[in-house]
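Read the structure below first, then the notes.
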Amino acid sequence: MAEVSLARAEPAVAQRVRGLVGAVWFLPLAVFSLIFLFLPSIGLFVGSVAGSHGATLTYYAQLFQAQYLDAYKVSVELSAATAIIGAFAGLVLAWAVVGGGLPRVLRPFTLTFSGVASNFAGIPLAFAFTSTLGPVGLVTVFLKSLHINLYAAGFSLFGFWGLVITYLYFQIPLMVLLIVPALDHLHTWREAATNLGATPFQFWRFVGLPILRLPLLGALMLLFGNSFGAYATAYALTSGMINLVPILIGQELSGNVVFSPSLADAMAVGMVLIMVAIFVVYLVANRRSVRWQS
C-alpha cells in the first residue's frame with residue numbers, strides 16, 4: 001500500500017515542480033507587464049480624476065464637448081480606414097508570396113522589406129512623403145508634367161486621406177508580417193481538404209476562412225491600435241492641424257494651448273477603453289474559433 005501511495009504522489013510532485021518552473025519562466029513577462037502596462041494605466045486613471053480639491057470627474061465631462069468627440073471620431077475613422085485597407089492589401093501581397101505564383105526568391109526579400117518598413121514612421125516618414133507627394137514633391141511635379149494636378153483635383157497630403165496613404169506605408173508591411181505564418185499553416189489544411197475531394201470554393205467556405213478569421217481579426221485589431229496611438233507621423237505631417245486624440249494629448253501636455261495633464265490623462269483613458277472594447281470583441285471571436293476547431 002505504501003508503494004502504491006508513493007507512486008501516486010510522484011506525479012503530483014512532478015506536476016507541482018513543472019508548475020513552479022512555468023511560473024519562473026512567466027515571471028519576467030509578469031514584471032514587464034506590471035511596470036509598462038498596468039502601473040501606467042493605473043497612473044493615467046488616478047491622474048484623470050485628480051483635481052485641485054480632490055477626486056473629480058470634471059475632466060471626463062469635458063470629453064463630451066464637440067472638439068474632443070470629433071477628435072475621437074476622426075481618430076477612429078483614420079485607424080479603421082488604415083486597418084481595413086492595410087489588412088486587405090497586406091493579405092493580397094502575403095498570399096501572392098506564400099501561395100501565389102510569384103518566384104520563391106521574392107519571399108525573403110518581401111519579408112525583410114516588411115520588417116524594415118513596418119518600423120519606418122515618425123518624422124522621417126513624414127519628410128519622405130512630403131518630398132514625394134507634397135505640393136512640390138517628386139511625384140507631384142512629375143504628374144504635373146503629364147498635365148495631372150493632384151492638388152487642383154482636391155487631394156492634399158496634409159488632410160485625412162493624405163494621412164491614410166502615409167500610414168499605409170507601415171500598415172501594409174505589418175499586415176504581411178502578421179498574416180504570413182497563418183497562410184503557411186493553411187497549406188496543410190488545403191492539402192487535406194483537396195485529398196478529401198473538396199473544391200476550392202468549399203475549402204475557403206468551410207475551412208480556409210473560418211481558420212483565417214481569428215488571425216485576420218487579431219491583425220485588424222493590431223493595425224487599428226498601431227494607427228490609433230500614432231502621434232509623431234501625424235503631427236510632423238500636418239503640424240498638429242488635424243483633430244486627432246494623440247495630437248490633443250500632446251497639446252495639453254506641452255502647454256501649446258493650455259496646460260492640463262489631467263485632461264490629457266482622461267483622453268488617454270478614453271483611448272484605452274476603446275482598445276479594451278476592441279479586445280473584448282477579439283476574445284469573443286477567439287472563443288468561437290476555438291469551439292469551431294475543437
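The values are calculated or read from the model by the stated rules, or taken from the named source; none is laboratory data. As the structure is a prediction and not an experimental result, all values here were calculated from the model. FYI the Cβ positions are ideal-geometry reconstructions off the backbone, even for glycines, and counts take in every protein chain you see.
Is it the case that the stretch 228-238 has a residue that's over 25 Å from residue 161 (Cβ atoms), modelled with pLDDT of 85 or more, in the same structural domain as residue 69 (by TED's automatic domain parsing) and assigned to a helix (DSSP H, G or I)? No, because not a single residue in the stretch 228-238 is over 25 Å from residue 161 (Cβ atoms), modelled with pLDDT of 85 or more, in the same structural domain as residue 69 (by TED's automatic domain parsing) and assigned to a helix (DSSP H, G or I).
Would you confirm, using the coordinates I've provided, whether residue 272 is buried (at least 19 other Cβ atoms within 10 Å of the Cβ) and modelled with pLDDT of 85 or more?
no
With respect to the stated conditions, residue 154 is exposed (fewer than 14 other Cβ atoms within 10 Å of the Cβ) and on the phi > 0 side of the Ramachandran plot. Here is the figure for the stretch 231-246: residues that are buried (at least 20 other Cβ atoms within 10 Å of the Cβ) and of a type in the set (S, T, N, Q) total 2. Taken over the stretch 56-72, the criterion of being touching a residue at least 12 places away in the same chain (Cβ under 8 Å) and either β-branched (Val, Ile, Thr) or not in a helix (DSSP H, G or I) (or both) is satisfied by 63 alone. Taking the criterion of being closer than 17 Å to residue 77 by Cβ and within 20 Å of the chain's Cα centre (by Cα), the residues of the stretch 244-254 that qualify are 244, 245, 246, 247. Of the residues contained in the stretch 70-90, one or more are found to be farther than 25 Å from residue 169 by Cα, of a type outside the set (Val, Ile, Thr) and either in contact with a strand residue (DSSP E or B) (Cβ under 7 Å, 6 or more places away or on another chain) or in the same structural domain as residue 230 (by TED's automatic domain parsing) (or both). Elements of the type helices (runs of 4 or more DSSP H) sitting completely within the stretch 103-196 and holding at least 3 residues that are assigned by TED's automatic domain parsing to the domain that holds residue 80 and touching a residue at least 40 places away in the same chain (Cβ under 8 Å): these cover 106-117, 123-133, 160-195.
Would it be correct to say that residue 224 is out of contact with any helix residue (DSSP H, G or I) (no Cβ under 6 Å at 6 or more places or on another chain), part of a helix (DSSP H, G or I) and of a type in the set (Phe, Trp, Tyr)? Reasoning before the result, please.
On the way: out of contact with any helix residue (DSSP H, G or I) (no Cβ under 6 Å at 6 or more places or on another chain): no; part of a helix (DSSP H, G or I): yes; of a type in the set (Phe, Trp, Tyr): yes.
Criteria not met by residue 224.
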